[in-house]
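Remarks on the structure that follows.
Nothing in this text is a laboratory measurement; each read-out follows from the coordinates by a stated rule. Bear in mind the structure is a predicted one, so any value in this text is a computation, not a measurement. Cβ placement follows ideal geometry from the backbone for every residue including glycine, while neighbour counts extend to all protein chains displayed.
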Ligand SMILES: [Zn+2]
């Protein structure tokens, strides 16, 4: 597996998964722990904008988990849907859900490519991108395209 470096965290994906094991992705169908992090599947701009804050809050909440919660709580998918960040979990807790919802709301206002503040735009598909990144994408692809990152 290729190790990705996350500048916003000052560490690589392998280091992150060692420090915060709950960042490992899980296959929702089989329950198998995968060898990459769900964090790395978050669009780069959102990681830059609030990745560190989100992980800090999640880590603090994870400490409150019971043993049962720790065994059961898993992130089974990350995607950009309707222009917002969606983090899918198997079993979850109300407080962890609150944290994830907070960052879903925040994702509406940050460019998913570069992290800059932005407004959403749409032509049927909702794009959460700043002017520059949107123009760059249209130039590159000739049109807007769906950006999805489901787990294999
Ligand atoms: Zn941008």
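A few points about this structure:
- Both radii come from the Cα set of the range 67-124: Rg as radius of gyration, Rh as Kirkwood radius; their ratio Rg/Rh reads 1.07.
- 222 nm mean residue ellipticity, helices alone, for the chain (DSSP H n ≥ 4; -39,500 (n - 2.57); rounded to 500): -9500 deg cm²/dmol
- Acute angle (nearest 10 degrees) that the helix 131-141 long axis makes with the longest principal axis of the chain, alpha-carbon atoms: 80
- Degrees between helix 94-107 axis and first principal axis of the chain (Cα, 0 to 90, nearest 10): 20
- For 73, 38, order by how many other beta-carbon atoms lie within 10 Å, fewest first: 73, 38
- Shape of the range 1-107, Cα gyration tensor, a/c cut at 1.5: rounded
- DSSP assigns beta bridges within the chain; of those with both partners inside it, close to 90 percent run antiparallel.
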